[in-house]
1. Taking segment 50-92, which residues are of a type outside the set (A, V, I, L, M), farther than 15 Å from VAL123 by Cβ and touching a residue at least 12 places away in the same chain (Cβ under 8 Å)?
2. Run PHE159 past the list (1) at pLDDT below 90; (2) surrounded by fewer than 11 Cβ atoms within 10 Å (Cβ to Cβ) and report the number of the one that doesn't hold.
3. Give PHE133, PHE139, PHE110 a once-over and let me know the one that is under 16 Å from ILE54 (Cβ atoms), outside any loop (DSSP other than H, G, I, E, B) and among the aromatic types (Phe, Trp, Tyr).
4. Regarding VAL151, is this residue modelled with pLDDT of 95 or more and either in a strand (DSSP E or B) or over 12 Å from the mean Cα position of the chain (by Cα) (or both)?
5. Starting from residues that are in contact (Cβ under 8 Å) with a residue 60 or more places away in the chain and among the small types (Gly, Ala, Ser), keep the ones in segment 98-152 and report whichever is nearest to VAL87 (Cα to Cα).
Amino acid sequence: MPNEPQDASRDGGRRSQVSPMLGVSVHAIGESLPDAMTTGIPERTQPQDSESDIQYEVGIICSVRTDEDRDYSDRYVALLEGVGLRVFYPPRDTDQVDPGGGLRILRDNFYRGFLRCREIHIVWNPKSQGSMFDLGLCFAMRKPLRVVNPVRRTAEKSFQNAILDWQSGKLGVAEQSIYNVEPDSDIESR
């Protein structure tokens, strides 16, 4: 058959195949990706499993392309850092200019930030596409989540309901947040 993968090699029982449709080798699970796909990605890409891998207590998911939540997010980060927590904050800690369309930003946020965080706090903005991407990654890593700004449950299925259930432990994703710093009354929600 013309579209069937052809056996390229055998290595310890694992097969690497050449896909005629893709024109590249398709590696068995556990084998490395081609160098072109991993440029800029740290060698270790599995979720962190030791205390020495954690660089931040909290990672912040928030909108970065609009100023709508910026003041709220900035003040919340200052509050966390004011009590001594190390915070990964993408508007400050990731270069937000990417002529390539944004993939480098998403990759940097994940590998240099969220992967190295103990837990995630979100300033929820349903218009932020990047936030939805980051949420999916953090969900897959089973990170504890804390919703920082007021979010109301909806009658139908929604991301709002999912993040509220995740925060409360109903999704069975991870233990609950341990850094429950409450925003001052000075930080007003939008």
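The values are calculated or read from the model by the stated rules, or taken from the named source; none is laboratory data. Remember, it's a predicted structure, so these values are computed and weren't measured experimentally. Ideal geometry is used to build each Cβ from the backbone, glycine not excepted, and the neighbour counts take in all protein chains shown.
1. Listed by number, the residues that qualify are ASP53, GLN55, TYR56, GLU57, ARG86.
2. (2)
3. Details: PHE133 fails: under 16 Å from ILE54 (Cβ atoms); PHE139 fails: under 16 Å from ILE54 (Cβ atoms).
Just a single option satisfies the conditions, and that option is PHE110.
4. Working: modelled with pLDDT of 95 or more: no; either in a strand (DSSP E or B) or over 12 Å from the mean Cα position of the chain (by Cα) (or both): yes.
It is false that VAL151 is modelled with pLDDT of 95 or more and either in a strand (DSSP E or B) or over 12 Å from the mean Cα position of the chain (by Cα) (or both).
5. Taking the candidates together, the pick is SER131.
Conditions (1) at pLDDT 80 or above; (2) touching a Phe, Trp or Tyr at 6+ places or on another chain (Cβ under 8 Å); (3) farther than 24 Å from PHE159 by Cα, marked per residue:
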residue	(1), (2), (3)
ALA28	no, no, yes
ASP35	no, no, yes
PRO47	no, no, no
ASP67	yes, no, no
ARG92	yes, no, yes
PRO99	yes, no, yes
